[in-house]
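The values are calculated or read from the model by the stated rules, or taken from the named source; none is laboratory data. As the structure is a computational prediction, the values presented were derived from the model and not from experiment. FYI the Cβ positions are ideal-geometry reconstructions off the backbone, even for glycines, and counts take in every protein chain you see.
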């Protein structure tokens, strides 16, 4: 049976990892994900897991160890944040191109510089095209549930790609919430055993992993990754449906909140969605036709689902917790506008860059944004992109 407990987002992720009991975990501590390997170390010391916990000297080494373990046939996991993910950068591509289903608990934090330890999405957005599946969590419950689904998605024979489960540093990772924890036996049954088809330690087959790929092979490998990422859409849907059937907690590529009849909407990811929902409820009580769309799965990008969810809107605020420095806004803004092109061109959009370096976003901020969207709907000329919540 499931039980209710009070856990932080980091503890929720670590609890899921304990219940999965992977073969290998390699991690190096970095704020704000440090608690996850710390909990794992405690679980190991107390004999609660049989995992081989590899304490390495850097995040580059952590991902290297995970790559070696996964290539050997082991279920491998890690956790990191910010500059730690940046130090892994070269190896993120290696893990994806070698089709190794490593699971990463990614606790989002701003990248230097200047030095900052608070939440934004510049770390994972910087790795958005590395070939990893990316799923974002609004709260501790979702972080826990996403971790439980991660292995089944990544290890599916039609996918075999690494996956990062993201949550906002401190906002989610250190905030304590009441969440539902499943029984260890449930998790073991739901996640299942990892039985790779090909692995280095298979005595019955000679295998090379990560060889030099000359020009006549490289594009074919990338095409195979492309197909695997597309295949992940159906696998995510299937795993989510099974999870819903067993727990009653429903997840999709995205979540629509009060979008029926909405004329004004915001689209965003992770913890800010909770604040945005409060604002939508307040505005609905005042007669404002407001709604919200939360993207859960950023890779593979749910372009079709977004276009369908936003159909009927007259004005949309696309909210990016990182800047792409393109002069045109952040990565979410660029991809959402591309998804709408030729399908919902009549929707007026503003790309808001907000929350950088942990800058607070409050219900009042959403009210300001919806007021601007209403003005744009009614004919006001506003910039395509702007920073929100910054002192000009």
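Anything in segment 199-234 that is in a loop (DSSP other than H, G, I, E, B) and within 30 Å of residue 14 (Cβ to Cβ)? List them, or say none. Correct list: 199, 200, 201, 209, 210. Might you let me know whether segment 64-72 holds any residue that is under 28 Å from residue 293 (Cβ atoms) and surrounded by 21 or more Cβ atoms within 10 Å (Cβ to Cβ)? No; the residues of segment 64-72 include none that is under 28 Å from residue 293 (Cβ atoms) and surrounded by 21 or more Cβ atoms within 10 Å (Cβ to Cβ). Taken together, the criteria exclude residue 11 from residues that are in contact (Cβ under 8 Å) with a residue 12 or more places away in the chain, touching a helix residue (DSSP H, G or I) at 6+ places or on another chain (Cβ under 6 Å) and closer than 24 Å to residue 117 by Cβ. On inspection, residue 333 does not qualify as farther than 13 Å from residue 373 by Cα, in a loop (DSSP other than H, G, I, E, B) and either modelled with pLDDT of 95 or more or outside the structural domain of residue 128 (by TED's automatic domain parsing) (or both).
Scanning segment 256-276 for residues that are within 15 Å of residue 297 (Cα to Cα) and under 14 Å from the mean Cα position of the chain (by Cα) gives 268, 269, 270, 271, 273.
Listed here are the strands (runs of 3 or more DSSP E) enclosed by segment 240-309 that have at least 2 residues being in contact (Cβ under 8 Å) with a residue 60 or more places away in the chain: 264-268, 290-295, 297-299. Determine, yes or no, whether residue 237 is surrounded by 12 or more Cβ atoms within 10 Å (Cβ to Cβ) and without any contact (Cβ under 8 Å) to a residue 12 or more places away in the chain. It is false that residue 237 is surrounded by 12 or more Cβ atoms within 10 Å (Cβ to Cβ) and without any contact (Cβ under 8 Å) to a residue 12 or more places away in the chain. Looking at 262, 309, just one residue is touching a strand residue (DSSP E or B) at 6+ places or on another chain (Cβ under 8 Å), more than 18 Å from residue 337 (Cβ to Cβ), modelled with pLDDT of 95 or more and surrounded by 18 or more Cβ atoms within 10 Å (Cβ to Cβ), and that residue is 262.
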